[in-house]
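Q: Got a structure for you, written out below as structure tokens; questions coming shortly.
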Amino acid sequence: MRFSYLLYAVALLFSLPSMAATFNDLTTQPTDKVQVIDCRNSNFFNGWPQAGQSQGGHIANAVNIDANWLPLLDDGQFKALLKQDNLVATKPTYLYCELAGTQVLAHELTKQGFTDVHSINQPLSMYQGKLIALPNFQHLVSAAWLNNLIHGGSVNYAPKSDFKIVEVNWGPPTKYLIRHIPGAYYLNTNDIESEPLWNHVPPAQLAKVLSNLDINQNTTVIVYGHNTMAAERAAQIMMYAGVKDVRLLNGGFPAWLAGGYDTEAFYNGAKNTPKFGTTIPANPDAIIDVAQVKNMLKDTTKNSVVSVRSWPEYMGETSGYDYIKAKGRIIGAKWGQSGVDAYHMNSYFNPDQTYRNPYAIAKLWQKWGIEPQQNVTFYCGTGWRASVAYFDAYLMGWPNISVFDGGWLEWSLQPKH
């Protein structure tokens, strides 16, 4: 399915029969009898308004398949994506995004046997129903938004005070020194978690790390990485510390490069080294320990201890890491989806590595009895993958969420559970 998106779209505009529909056509259909695909950029789907519109978000129960993902997928991957979103070829299917996008996606759907596809090319502002936006969508920002912010442009949901951009990775700043987002500082994850358990560092050390990044509790911090999991680990620990406004670059550094935005080389050092401004941790409930997990397991109706390790790890086929000997899972833990191994989170990301629709993840969680009104903690091997799931729940506004910092590594070393 690899093709020149623009040329292919133009060709299709003149070759496909008209499948035009309106939002009114959609609203006259029973909601359980149709399926809706939002083929726009995932940031608009999440809640960011498109240019010229006052409201963002998506139609209730719509799935997100950005037409621009198609060049990234082969035929098998596209089929897997359709299956993942439970799309049925025989159901009336409504698409909405720009005209070229609907035409290209419609063509690919018909190749997969979809027989009743309709293209809605009206502005979404014409949709009379209530759009659904992630309650905390503004904490997942686009590369375009960040570029405008850096250059002093007008942006929605602008920082209330100063902002800092932080690239996060494990180890020395090898890639960072070659090129990074202009103005970005560098954070080595070894500075915020430590051996042998890879738990977060003590509060005094964390305060020093944040100070060295010119960050206090009121700083808006935008984190990103080549590996999004590293950035999310840092974001979650910053939220635990008490940074009030932490944001994640959706799609990470690859999204910045794909947008064609400027980069710079060399190192940006701290200038102000401010005091944090409050006692760390200001949000202690965001990270919990072994004793708290044991207490949660006493009532798995009100609480959910959620493993976001791969299925082979969850089933005890592998420990996932060469430095973790024990195989298995916490007894009573529920499975929260993950990836193919300990270093991937395929279920949580779109083909372009932006965040997958969190509500789709929540539906998978629900099958395991993981509900938003519960007290929910996420764990993996040592914290990185758990931070991805934590941020997912945070975007949806789940009120009582945490990361079990020690994860399977610390739990497996306990004498009894």
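Q: Could you list, in sequence order, the residues of region 354-371 that are crowded, with 16+ Cβ neighbours inside 10 Å, of a type outside the set (K, R) and in a loop (DSSP other than H, G, I, E, B)?
A: Listed by number, the residues that qualify are T354, N357, I370.
Q: Can you list the helices (runs of 4 or more DSSP H) lying wholly within region 13-118 that have 2 or more residues being more than 30 Å from R247 (Cβ to Cβ)? If you could, list the steps in order and put the result at the bottom.
A: Values: elements: 23-27, 42-46, 75-84, 99-111.
Fully inside region 13-118 and qualifying: 23-27, 75-84, 99-111.
Q: Find the residue count for region 275-326, including only residues that are aliphatic (A, V, I, L, M), touching a Gly at 6+ places or on another chain (Cβ under 7 Å) and crowded, with 21+ Cβ neighbours inside 10 Å. If you could, list the steps in order and put the result at the bottom.
A: Going residue by residue through region 275-326, those that are aliphatic (A, V, I, L, M) are 280, 282, 286-288, 290-291, 293, 296-297, 305-306, 308, 315, 324, 326.
Applying the additional criterion that residues be touching a Gly at 6+ places or on another chain (Cβ under 7 Å) yields 280, 282, 290, 297, 305-306, 308, 324.
Within this subset, residues satisfying the condition of being crowded, with 21+ Cβ neighbours inside 10 Å are 305-306, 308.
Counting residues in region 275-326 that are aliphatic (A, V, I, L, M), touching a Gly at 6+ places or on another chain (Cβ under 7 Å) and crowded, with 21+ Cβ neighbours inside 10 Å gives 3.
Q: Then there is this: Residues being surrounded by fewer than 17 Cβ atoms within 10 Å (Cβ to Cβ), touching a residue at least 60 places away in the same chain (Cβ under 8 Å) and of a type in the set (A, V, I, L, M): count how many of those fall in region 241-274.
A: The total comes to 3.
Q: Another one. Among (1) within 22 Å of the chain's Cα centre (by Cα); (2) closer than 18 Å to L87 by Cα, which single condition is A106 missing?
A: Condition (1) is where A106 drops out.
Q: If you take the residues in region 177-198 that are aromatic (F, W, Y) and part of a strand (DSSP E or B), which one is farthest from F404 (Cα to Cα)? Break it down stepwise before answering.
A: Taking region 177-198 and keeping what is aromatic (F, W, Y), we get 185-186, 198.
Now drop any that are not part of a strand (DSSP E or B), which leaves 185-186.
Numbers: Y185: 28, Y186: 25 Å.
So, considering only residues that are aromatic (F, W, Y) and part of a strand (DSSP E or B), the one farthest from F404 (Cα to Cα) is Y185.
Q: Can you find, within region 325-375, the residue that is nearest to Q414 (Cα to Cα) among those that are touching a helix residue (DSSP H, G or I) at 6+ places or on another chain (Cβ under 6 Å) and among the basic types (K, R)?
A: R329
Q: Given the conditions (1) surrounded by fewer than 21 Cβ atoms within 10 Å (Cβ to Cβ); (2) touching a Lys or Arg at 6+ places or on another chain (Cβ under 9 Å); (3) among the polar types (S, T, N, Q); (4) in a loop (DSSP other than H, G, I, E, B), report the number of the one that S347 does not fulfil.
A: It fails just one condition, (4).
Each value in this text was obtained by applying a stated rule to the coordinates, not by laboratory testing. Note that this is a predicted model, so its numbers are computed, not measured. Cβ: placed from backbone, ideal geometry, glycine included. Neighbour counts: every protein chain shown.
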